[in-house]
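Here, each number is a calculation from the coordinates, and none is a lab measurement. Remember, predicted model here, so these are calculated numbers, not experimental data. Because the Cβ atoms are built from the backbone with ideal geometry, glycine has one as well, and the counts that use them run over all protein chains shown.
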Amino acid sequence: SLYISTTGILPKFQNQGFGPLLKSWEIAYARYHGFNRIITNCRKRNARMIALNRHFGFRIVRTIPHYYLEPTDSSVLMELLLDHAN
């Protein structure tokens with residue numbers, strides 16, 4: 001499993017296509033290196049990241065309460081199972 005701990009785009013560079021580009025690269029990297037799945041998590045309130053992950057086929061595995069501090073928030077744990085036919 002490849003665990004992605006942080007994916008972020010500075011606000012001044014958001015809405016320019018860098019999020020999908022970076023997510024595509026992460027998935028290509030995982031496939032190239034033979035990983036069978038990708039695990040990532042993000043703040044529950046980060047609807048844009050959750051939507052981006054879902055767009056690429058990630059599914060929500062579970063929500064972890066009080067995962068983040070300052071500000072306190074739950075984490076949404078997501079995974080993408082990879083096939084290597086592509």
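Less than 14 Å Cβ to Cβ from Ala47, Lys/Arg counted +1 and Asp/Glu -1: what total charge do the surrounding residues give? Value of the local net charge: +4. Among beta bridges identified by DSSP and lying wholly in the chain, the antiparallel ones come to about 80 percent. Over the chain, the Kirkwood radius and the radius of gyration, each from Cα atoms, give a ratio Rg/Rh of 0.97. Taking label positions 7 Å along the Cα-Cβ direction at both Asp83 and Arg62, the computed distance is 2.8 nm, reported to one decimal.
Count the net charge of all other residues whose Cβ sits under 14 Å from the Cβ of Ser1, scoring Lys and Arg as +1 and Asp and Glu as -1.
Working: positive: Arg31, Arg37; negative: Glu26, Glu79.
Summing Lys/Arg as +1 and Asp/Glu as -1 gives 0.
A convex hull fitted to the Cα coordinates of region 1-50 yields 75 cubic angstrom per residue. Distance between the pseudo-spin-label points of Asn15 and Ala51 (7 Å out from Cα toward the beta carbon): 1.2 nm.
Under the definition of Cα pairs under 8 Å and six or more residues apart, what whole-number percent is the relative contact order of the chain?
On the way: 114 pairs, mean separation 26.4, N = 86.
That works out to 31 percent.
Here the chain is treated with +1 on each Lys and Arg Cβ and -1 on each Asp and Glu Cβ, and its dipole about the Cα centre works out to around 200 debye.
Would you calculate, for the chain, the mean residue ellipticity at 222 nm contributed by helices, counting each DSSP H stretch of 4 or more residues as -39,500 (n - 2.57) and dividing by all residues, to the nearest 500? Before the final figure, lay out the partial values.
Details: 2 runs with 24 residues, N = 86.
Calculated from helices alone, the mean residue ellipticity at 222 nm is -8500 deg cm²/dmol.
Helix 18-32 versus the longest principal axis of the chain: what is the Cα-based angle in degrees, 0 to 90, to the nearest 10? That works out to roughly 50 degrees.
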